[in-house]
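Heads up, the thing below is written out as C-alpha cells.
Computed from the coordinates by the stated procedures, all read-outs in this text should not be read as laboratory data. Nothing here was measured: the structure is a model prediction, and the numbers come from that model. Don't worry about glycine lacking a Cβ; one is built from the backbone with ideal geometry, like all the others, and counts go over all protein chains shown.
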Amino acid sequence: MIRDNSNAVRRTRYFLPTLKETPAEAQIVSHRMMLRAGMVRQASAGIYSWLPLGLRVLKKIEQIVREEQNRAGAQEMLMPTIQSADIWRQSGRYDDYGKEMLRISDRHEREMLYGPTNEELVTQIFAGEVRSYRDLPINLYHIQWKFRDEVRPRFGVMRGREFYMKDAYSFDLDAEAGRVAYNKMFVAYLRTFARMGLKVIPMRADTGPIGGDMSHEFLILAETGESEVFCHKAYLDMEVPAEGVDYGDHAGLADIVRRWTSEYAVTDEMHDPAACPVPADKLIAARGIEVGHIFFFGTKYSEKMGARVAGPGGEEVTVEMGSYGIGVSRLAGAIIEACHDEAGAIWPESVAPFQAGLVNLRQGDDACDAACEDIFAKLRDAGREVLYDDRDERAGVKFADMDLIGLPWQVVVGPRGLKNGVVELKRRAGGAREEVSIESALSQIMDRSAS
Ligand code: P5A
C-alpha cells in the first residue's frame, strides 16, 4: 500500500508562505487572513491560486456540500467550463448576459464562452437523453469553476471573477413535483451550512438573470456582508434537520421549509421599516453574506431547449426545472468572516485544514524533538491531520502563525513542561489552555475530532 502522508506535514517541508504584514489591498478580514495565512494568492483581478493550505479548506467544504447533495438524491456529474455560444442563443440568454460573460472564439472562429452557470448545458444533455416520465425525477449537479466578469471583483474569494460553485439542476414532470425537488434542496442547504458551523437564514429573493418566480437566498450574518438584512431573532434558534432526515417524506420536507420560511427575513431592498411585522426587540438588523441561492423557474429553459418527455398518457410534457447554487470558494472566506478573532481564523472542526498544530518550542532540543516526533507519529498513524511546526523559529513567531492559521487544537511542547511530563493543549476557539500529559493531549484530540 502506498502511504499518503499528505495529512501529516512538517512545516519545514510544507509550502505555507505566511505573511507578518497585512496586505494593503485587502479590505476585509477574510481576505487579509487568507493572504496572510498562505491560503491563496491573487493571479489577476478576481482570480486566485489556491495554495496547499487553502486547497485543504476548499476540499473540505466541497466534500460536505457533496455529501449533503448525495444524501438528498442529487447525482454528481461534471460539465466543462467552456461552453458553446449556440446553446445560449437557444435559451435567449446570450445577449442578455452582457459583459459579465467572458466570450472566447476558438481557432475556427467559433463562438465559445467560459460558463457563468450551466442551465443551458444541462438542459441540452437532459433533452438529448431523457424520453419518459418514468425517468423522473432527476437532479444532476456538479462542482465546477465558473467565470463572471464582475465589474468590481473584491473581497478576495468572496466576490471573484473565477469562482467555484456547486450547481444542481432538477427536472420534474409537473410543478408539484418540482416543488418537492426544491424542498429537498432547501433542506439539504440547511444541513450543509450547519455542518460548516454556520447559522444560515433563508430569505426570499430576486431571481435576476436566472429567472423564475420562486427563489431563496441563504445568508449568513457577518459584519462585512454585502447585503443588509432584516430578520426575526427566532431564526437563530431554529432547529436544523438531523442527519437522518427522510428525503422520501415529502410532507415532512414541506413542514421543515414552512417553518424556515414562516418568520420575517428580507434583504434591504425588500424591507420597509413602517410595514415590518417584527417588534424592534425581536428584529435583527445586520449584514449578510449570500452563500447559496436556489431557484424554481418552471419551463423557462426546457421550453426553449426542447426538454420534453412522454407523460403517463403518452402526451408530450415540457419538464419543470429548478437550479440550486452554493458558492463553494466564497464559503472559505465567509466562514472566516463568521469565525475569527484579531489573531486569525478559528476554523470549525469540520472544515479545518488540519485538526491539530504541533508547536516545538525548542527545535534541536533532544527531549522536545523526541516528544514532538512521538506525538506527530501517533496522530499521523491514527489518521489525524496534523501540521508540525518544526522550524527553528522563536516561540512568539510560531504562536502567532498557529493562531493565524486557526487549527482547532494546538499542542505546545517545551523543555520546562516536558521535565514535569506535560505539554500544553490549547483550544483555538475560546483559547482555553491546560497542561496535560502527552497521552491525555492525544486522547482529547482524538476523541473530540472526527477521524
Ligand atoms: C443557481 C445554480 C446561480 O448561478 N445557476 C446555477 C444559479 N445562482 S447565483 O446566485 O448566481 O450563484 C450561486 C452562488 O454562487 C456564489 N457566487 C459567487 N461566489 C464568488 N464570487 C462570485 N462572483 C459569485 N457569484 C455568485 C454565491 O454564493 C451564490 O449564492
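Some points to look at:
- Among beta bridges that DSSP assigns inside segment 302-451, antiparallel share in %, nearest 5: 60 percent
- Kirkwood hydrodynamic radius of segment 314-437, Cα pairs, Å: 16.5 Å
- Solution diffusion estimate, µm²/s, Stokes-Einstein, segment 223-342, Kirkwood Rh from C-alpha pairs, 37 °C, viscosity 0.692 mPa s: 182 µm²/s
- Summarising the label geometry, the points placed 7 Å from Cα in the beta-carbon direction at residue 6 and residue 238 lie 3.7 nm from one another.
- Exposure proxy ranking, count of Cβ atoms within 10 Å, fewest first, for 347, 50, 145: 145, 50, 347
- Treating r as the C-beta distance of residue 369 and residue 316 and R0 as 51 Å, the FRET efficiency rounds to 0.10.
- In this calculation the C-beta distance from residue 223 to residue 151 is compared with R0 = 30 Å, giving a FRET efficiency of 0.80.
- Above-threshold pairs, the threshold being 18 Å between Cα atoms, out of 60/378; 99/166; 59/378; 59/146; 59/166: 60/378; 99/166; 59/378
- For the chain, the relative contact order comes to 18 percent (Cα pairs under 8 Å, sequence separation of at least 6).
- Near-label residues of segment 315-350 by backbone N, under 19 Å of a point 7 Å along Cα→Cβ of residue 129: 319-324
- Sorting 372, 276 from the fewest to the most surrounding beta carbons within 10 angstrom yields 276, 372.
- Computed from the C-alpha gyration tensor, the three semi-axes of the ellipsoid equivalent to the chain are 43, 24, 22 Å, from longest to shortest.
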